[in-house]
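Remarks on the structure that follows.
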Amino acid sequence: MELGLAKRTALVTGASRGLGRAIALQLAKQGMNVVLVARDQARMEGVQREIEAAGGVALVEAADLSQPARASEIIAATIKRFGSLYLLVNNAGATKRGDFLELSDADWTDGFALKFFGAVRMAKSAWPHVRQSKGTIINIGGVGGRVAEAEFAIGGSVNAAIGLLTKALADRGVRDGVRVLAIHPGTFETDRLTIRVDRYAKAHNVTAQEAYNSILREQGIRRFGRPEELAIFIGMLASNAVEFLQGSVIDMDGGQTRAV
Ligand SMILES: NC(=O)c1ccc[n+]([C@@H]2O[C@H](COP(=O)([O-])OP(=O)(O)OC[C@H]3O[C@@H](n4cnc5c(N)ncnc54)[C@H](OP(=O)(O)O)[C@@H]3O)[C@@H](O)[C@H]2O)c1
């Protein structure tokens, strides 16, 4: 299916690795100009080289998104280079897991500073340009924002807030012709899963393969997600072919979340 994204501009935060990298590569494959944002310039230049080797176009903007001034600078650089912005994917995020009584004020502040306030600022700075393009903002949350877990109080709270932010912006988006959507991913095959499997294996004194299978069993799913399938889904959501999707907060988790 032709998604109609070619020659339009997408900005992906957290594009240096993991899900963001896969999203950036896929959108470039759809013919979009892609702006890559994260802190690690060298890694993003690697992604940029991959995109350019395949005939695509990418701009690297190294930034710590927990710093308030950076969002408007990144959007300004995007417009300077490409002239417009059609799709913003707020994907960057890192929150600390741990026992509630052990988590510090700084851990909470850091978690919200990057993923929540970063998304708020990027959306605010991007809004006039996305409005002009009649484009879309897609926020990446996480299923921890739908079903609570004691060890994931920060991440869960941030992801729940991302869901509500999405609904509030979509309400404004109805007026402005901007679609705002969110995806709550379940567990995907990224570096995070490797770390989680290792931690589980050590804690339960089992092999990595046994740990991997146990996590699957505990989540009640057949397999973990592949970053490419999330990336393909984002392209589909950004397409005007599904223009009636507005304010939707979608779980992509292999069936892990059994709540309505
Ligand atoms: N993977 C999963 O299974 C899963 C499940 C649920 C939700 N999610 C959500 O999906 C998103 C991506 O997950 P992932 O697994 O791909 O994570 P990841 O591999 O840890 O990548 C996180 C990305 O965010 C960037 N980032 C971190 N701190 C930053 C900062 N201060 N400023 C700018 N960029 C920063 C990182 O790049 P630099 O280090 O170069 O800055 C990296 O590109 C996250 O929001 C995560 O919460 C993932």
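The values are calculated or read from the model by the stated rules, or taken from the named source; none is laboratory data. Since we're looking at a predicted model, the values are computed, not measured. Heads up, the Cβs are rebuilt from the backbone with ideal geometry, glycines too, and the neighbour counts pull from every protein chain shown.
For the reader, a short list of remarks on this structure follows.
- Boolean, ARG21 is in contact (Cβ under 8 Å) with a residue 60 or more places away in the chain and within 18 Å of PHE188 (Cβ to Cβ): yes
- Residues satisfying the stated conditions in the stretch 210-236, i.e. surrounded by 13 or more Cβ atoms within 10 Å (Cβ to Cβ) and farther than 30 Å from VAL130 by Cα: GLU210, ALA211, TYR212, ASN213, SER214, ILE215, LEU216, GLN219, ILE221, PHE224
- Residue selected from the stretch 81-102 under the condition among the hydrophobic types (A, V, I, L, M, F, W, C) and in contact with a Gly (Cβ under 9 Å, 6 or more places away or on another chain), by the criterion farthest from the ligand (Cβ to nearest atom): LEU85
- Qualifying residue in the stretch 154-169 (condition: assigned by TED's automatic domain parsing to the domain that holds HIS129, modelled with pLDDT of 95 or more and over 23 Å from LEU88 (Cα atoms)): yes
- Only residues that are surrounded by 14 or more Cβ atoms within 10 Å (Cβ to Cβ) and more than 9 Å from the ligand (Cβ to nearest atom) were counted across the stretch 179-209, and they come to 8.
- Failed item in (1) within 15 Å of the ligand (Cβ to nearest atom); (2) touching a Gly at 6+ places or on another chain (Cβ under 8 Å); (3) closer than 22 Å to ASP40 by Cα, with PHE116 passing the rest: (2)
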